[in-house]
Amino acid sequence: GRADAVGIVYAEQLSYAFRDPYAVTLLGAVADVLEENCVSINLLPIPNDSPADPPGVAYAVVDGFLGICAGDTHPGVIAARRRGVPVVLTVASDEGGDFVTIDELAAGRSLGAHLAELGHRDVVVVVDLEDVDPDGEWVGTSGVEDLVHRYRQIGWVDSAERIRGLSEGLGDAQVAFVSAGTNSVASAVASTRLVLSERPTATAVVAVSD
């Protein structure tokens, strides 16, 4: 009654999985362990805005699912859990599901405290977001809680916890958030150009992803 296969719900287009350094490293590590146990991989690219009950998840012949950058609200994770097979996420689950991750809140808080101890009081945080200007734009202008809420709505719990912890660690420092899209070299370059041209007073730039 076993399929000897694991379905990987990836919350981006498949082409992005081969460009994102985090995804490449993680998928390689997962493959190492599964191959040792003669278990194959069924990679299911399902973006966050996909319709409910994606058929790829509903009909995948697998023994369980691994959600990469896909949280409780992701349509692929919801469909996977509905099947009643094991589901493990790489982001924290607010619903009590299984996940493997670091303490994102504590990591962000440690980073913020380190910058505060160095005397930084004007900090820019480069974040990844979908549907933003590829030339860069300022986001979360209403404060960190606005951005945290936005992340949680799309299931990016890890990013939400990172920036919340970072803000707490920085204390009373001025913090601005900038984005030029999702995790890529081009996004980083565009974000940096915007910071240098419009925020020359900043003394530190933080990146919360690769």
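The values are calculated or read from the model by the stated rules, or taken from the named source; none is laboratory data. Since this is a predicted model, take the numbers as computed values, not measurements. We place every Cβ from the backbone using ideal geometry, glycine too, and count neighbours over all the protein chains shown. To get the accessible areas, we keep the full protein, side chains included, count just its heavy atoms, and leave off ligands, DNA and RNA. Shrake-Rupley method; radii C 1.70, N 1.55, O 1.52, S 1.80 Å.
For the subset of the range 93-117 comprising residues that are among the small types (Gly, Ala, Ser) and closer than 17 Å to Ser159 by Cα, which member is most open to solvent (accessible area, probe 1.4 Å)? Break it down stepwise before answering.
Filtering the range 93-117 for residues among the small types (Gly, Ala, Ser) gives 93, 96-97, 106-108, 110, 112-113, 116.
Okay, now just the ones that are also closer than 17 Å to Ser159 by Cα, so 93, 106-108, 110, 112.
Details: Ser93: 16, Ala106: 35, Ala107: 46, Gly108: 6, Ser110: 76, Gly112: 0 Å².
Out of the qualifying residues, it is Ser110.
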- Name the one entry in Gly76, Gly67, Gly71 that is under 18 Å from the mean Cα position of the chain (by Cα), within 16 Å of Asp128 (Cβ to Cβ) and buried (at least 21 other Cβ atoms within 10 Å of the Cβ). Gly71
- Message: Step by step: first the residues of the range 1-28, then only those that are without any contact (Cβ under 8 Å) to a residue 24 or more places away in the chain and within 17 Å of the chain's Cα centre (by Cα), then the one that is most open to solvent (accessible area, probe 1.4 Å). Which residue is that?
- Response: Phe18
- Query: If Val91 passes every condition in (1) within 22 Å of Ser15 (Cα to Cα); (2) free of Cβ contacts under 8 Å to residues at least 24 places away in the same chain but one, which one does it miss?
  - Reply: (2)
- Checked the range 126-176 for anything buried (at least 22 other Cβ atoms within 10 Å of the Cβ), in contact with a Gly (Cβ under 7 Å, 6 or more places away or on another chain) and either free of Cβ contacts under 8 Å to residues at least 24 places away in the same chain or hydroxyl-bearing (Ser, Thr, Tyr) (or both); matches are Ser167
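Looking only at the range 177-203, count every residue that is over 27 Å from Arg19 (Cα atoms) and either of a type outside the set (Ser, Thr, Tyr) or without any contact (Cβ under 8 Å) to a residue 60 or more places away in the chain (or both) and tell me the total.
The qualifying residues number 5.
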- Under the condition of being among the aliphatic types (A, V, I, L, M) and either more than 19 Å from Leu115 (Cα to Cα) or open to solvent by 10 Å² or more (accessible area, probe 1.4 Å) (or both), which residue from the range 177-194 is farthest from the chain's Cα centre (by Cα)? Leu194
- Query: Hey, Ala207 hits all of (1) modelled with pLDDT of 95 or more; (2) closer than 21 Å to Thr90 by Cβ but one; which does it fall short on?
  - Reply: (1)
- Query: Quick one: Val178 ticks every box in (1) part of a helix (DSSP H, G or I); (2) in contact with an Asp or Glu (Cβ under 8 Å, 6 or more places away or on another chain); (3) modelled with pLDDT of 95 or more bar one, so which box is it?
  - Reply: (1)
- Residues in the range 181-204 that are modelled with pLDDT of 95 or more and under 20 Å from Ile68 (Cβ atoms) total 0
